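What follows is a single structure, written as structure tokens, with notes after it.
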Amino acid sequence: MIIQLHQIGKEKSRFEFDLSQKQVEELEDRFQFSQMHCVAELKQNMDSLFLSGDLSVDLETNCDCCLTGVILPVETSFEVKLLAEQSQTQQSNDSEVSLQGIDVETYNGFEVDLGKLFGDQLLLEIPFSIKCKDSCKGICSHCGKNLNQNQCNCQAENSDSPFAILKQLDP
């Protein structure tokens, strides 16, 4: 969703919209969702914009260990300071450190792409490892059975292990 700068008033301007999966370009194919609900509040300052956003979405994906389907609810709030790209290039030698934890992004021209900003925030909220449950046992590396559903009869032997020779020693 692209917002023109003239749509943003001196007081907070509120925008509520939904994004489809096609609009979040960087999202990996293993994540699926029908729509992401977004609420943005923008406030214009002298030389910048301040974005306060909320997003909520249910991502459908697979457990990294057992490949069972998982629904991952993602709800987050964030704040971003938006600077015009021209003012950012003038200050390129200065690095800004924010003590409040507010991210700084840039916008180009007279419009702000909220869809891109909300898509980026979604990517930041996805955990590195996704499990169906904390005690997930995964799948057997020999027969492929889901060890959460039933135990397999495979021997847990690995002859390639450097410790395999220890099994031949008498106790």
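The values are calculated or read from the model by the stated rules, or taken from the named source; none is laboratory data. Values in this document were obtained by computation on a predicted structure and should not be read as measured data. Every residue, glycine as well, gets a Cβ built from its backbone with ideal geometry; the counts of neighbours run over all protein chains shown. Side chains included, ligands, DNA and RNA excluded: accessible areas come from the protein's heavy atoms. Shrake-Rupley method; radii C 1.70, N 1.55, O 1.52, S 1.80 Å.
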Open item on the list: List pairs: first residue in the range 106-134 and in contact (Cβ under 8 Å) with a residue 40 or more places away in the chain and in a loop (DSSP other than H, G, I, E, B), second residue hydrophobic (A, V, I, L, M, F, W, C) and surrounded by 12 or more Cβ atoms within 10 Å (Cβ to Cβ) anywhere in the structure, Cβ distance under 6 angstrom, at least six positions apart or on different chains.
Closed with: Phe110/Leu5; Lys131/Cys63; Lys131/Cys65; Cys132/Cys63; Cys132/Val70
- [ ] Please work out if Leu124 is closer than 16 Å to Glu16 by Cβ and at pLDDT 90 or above.
- [x] no
Task: Wholly enclosed strands (runs of 3 or more DSSP E) of the range 12-68 bearing at least 3 residues more than 18 Å from Glu105 (Cα to Cα) and either open to solvent by 80 Å² or more (accessible area, probe 1.4 Å) or in contact with a Lys or Arg (Cβ under 8 Å, 6 or more places away or on another chain) (or both) - done: 13-19, 48-62
TODO: Check whether at least one residue in the range 102-119 is within 27 Å of Ile8 (Cα to Cα) and modelled with pLDDT under 70, and report yes or no.
DONE: yes
Task: Subset of the range 103-125 [within 16 Å of Gln4 (Cα to Cα) and surrounded by fewer than 13 Cβ atoms within 10 Å (Cβ to Cβ)] - done: Asn108, Gly109, Phe110
